[in-house]
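Just so it is clear, none of the values below were taken in a lab; they were calculated from the coordinates. If you're wondering where the values come from, they're calculated on a predicted model, not measured in any experiment. Backbone-built Cβ (ideal geometry, glycine too); neighbour counts: all protein chains shown.
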C-alpha cells in the first residue's frame with residue numbers, strides 16, 4: 001500500500017516532467033535545429049510535418065512525445081546532478097550524450113538507417129547540440145513548473 005501512495009504522490013512530478021520534455025523539444029531542440037539549419041550546418045530541417053509510422057503523426061509531435069518520455073527519465077536522474085552551474089552542464093550533457101547515443105545507435109537502425117547515420121560530422125554535431133539544448137530546456141521548464149529558483 002505504501003508503494004501505491006508513493007507513486008500517487010510522485011505523479012504530478014511525472015506529468016510535469018513529461019510536459020517539460022515535450023515543450024523543450026518544441027522550443028529548445030527545434031529552435032536550435034532551426035538555427036543550425038539556417039547556418040547551413042544541420043543535415044535536416046526543423047519542425048518536420050512528415051507523417052510517422054504507424055499512426056501518421058507529424059514527426060515534430062512524435063519527437064516531442066518522445067522528448068516527454070525522456071523528460072520523465074530526466075527527472076529521476078537530475079537529482080544526482082551537481083548544484084549551481086554544474087546542474088546546467090549536467091542537464092546539457094544528459095541530453096547531448098545519452099539521448100544522442102540512443103538515437104544514433106538504437107533508433108536509426110530500428111528505422112532502417114545505418115547506425116550513427118553514417119557517423120557524418122554534421123549529423124553528430126547537430127545531434128549533440130540540439131539534444132543538449134533539449135536537456136537545458138527540460139531543466140528550465142522543470143524549474144519553472146516547480147517554481148524553484150535555479151541553483
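Taking (1) surrounded by fewer than 16 Cβ atoms within 10 Å (Cβ to Cβ); (2) in contact (Cβ under 8 Å) with a residue 40 or more places away in the chain; (3) at negative phi in turn, residue 121 satisfies each apart from (2). Taken over segment 97-118, residues that are part of a loop (DSSP other than H, G, I, E, B) and surrounded by 12 or more Cβ atoms within 10 Å (Cβ to Cβ) amount to 1.
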